[in-house]
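Have a look at the structure below before the remarks.
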Amino acid sequence: MSEKEEKVPEISILIPFKNAEKWMEECLDSIVNQSFPDFEVIGVDDFSQDGSVSIYQEFVRKDPRFKMISNVGHGVIPALDLAFSASKGKMITRMDPDDRMPEKRLEIMRNRLLRCDRHTVVTGKVLYFSEHEVSPGNLDYQSWLNDINMHGNQYAQIYRECVIASPNWLTYRENIDLIGGFGSLHYPEDYDLAIKWYERKINFEAVQELTLYWREHPDRSAHNSNYFTQKLFLELKINAFLKLDFRGGPLLIWGKNKKSEIISKILKEHQIHFKIHDTKDFKRIEKISNPQLLVAIYPEEKERIEIQKYLTLIGLKEGTDWWWV
């Protein structure tokens, strides 16, 4: 290799950032301290109006593995697309500027990926942290996410929530190209990325170790509960279901609530025939031949287990015949 040729790093870390000065240094320090050193960091500034750029540029000055570019478009998706196009790594991961990497994250994830089929995405456990008490909603999501990843149930629960945390995966760069790059994504981009990998039958593998310290703070917009965001999220889910898993036969929705109302509107827009059953009348499903079911409620664990047992008893398989949504 000539002196002018640049060594291809093993891993490229993509970091879109905007107004993250409160946490940027802590995040970048956690990257510098990784036990596996063969990486590059591509930071894309999305029109920050605070000290984020100065903080990042200080890391660029001290460490040649850090590079920074300015976003051409606006938002996370064009920032990720720009970062990916500027990256050279054989493997790709994403990081958010308000989170932290455990010291051995890259080493652990890379070691697992090297043992897997090339069409694989590796993830791991997450742990929320905050300056204050972590909200019950995020604690529930953390528990659910860790559980499905440790048990390999990502595909079966793909329409429930995002099955891989956005800053907590590692894959070969060809698996980004395979879905058309980050520019092909729609918001919420983390969920759409998981759906596109699901569509391409990419394997999801999880290590047992903690691989992300996930910061909760008021400025974080993910999982916002307003109607517009919920509708956008459900549109992605239902459109994906209709494209990838709907057989065209009898379709049922369990539960009468705001979520089932939104799902109903989406299905009507697609001119899909369906029926809504109240969970009090759940046995009506037994009279329907070869149904598919979207469960629009998510009760406490005891009741969830009862629902799963009942649906299994009548011959319906989760992830093929029915889904939590």
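Would you confirm whether any residue within segment 281-299 is of a type in the set (S, T, Y), surrounded by 12 or more Cβ atoms within 10 Å (Cβ to Cβ) and in a loop (DSSP other than H, G, I, E, B)?
Within segment 281-299, the first condition is being of a type in the set (S, T, Y), and the residues that meet it are 289, 298.
Filter once more, keeping what is surrounded by 12 or more Cβ atoms within 10 Å (Cβ to Cβ): 298.
Still in the running and in a loop (DSSP other than H, G, I, E, B): 298.
There is at least one residue in segment 281-299 that is of a type in the set (S, T, Y), surrounded by 12 or more Cβ atoms within 10 Å (Cβ to Cβ) and in a loop (DSSP other than H, G, I, E, B).
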Mind checking which residues of segment 53-68 are in a helix (DSSP H, G or I), within 28 Å of K125 (Cβ to Cβ) and not hydrophobic (A, V, I, L, M, F, W, C)?
Y56
Look at F204 and say whether it is touching a residue at least 12 places away in the same chain (Cβ under 8 Å) and out of contact with any strand residue (DSSP E or B) (no Cβ under 6 Å at 6 or more places or on another chain).
no
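Condition check: outside the structural domain of E209 (by TED's automatic domain parsing) and not in a strand (DSSP E or B). Does E6 satisfy that?
yes
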Just to be sure before I move on: is V32 free of Cβ contacts under 8 Å to residues at least 24 places away in the same chain, assigned by TED's automatic domain parsing to the domain that holds G183, farther than 22 Å from E174 by Cβ and among the hydrophobic types (A, V, I, L, M, F, W, C) in the structure I sent?
no
Return a yes/no flag: does segment 251-265 have any residue that is among the basic types (K, R) and closer than 20 Å to Y191 by Cα.
yes
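The values are calculated or read from the model by the stated rules, or taken from the named source; none is laboratory data. These figures come from a predicted structure and were not determined experimentally. All Cβ positions, glycine included, derive from the backbone under ideal geometry; neighbour counts span all protein chains shown.
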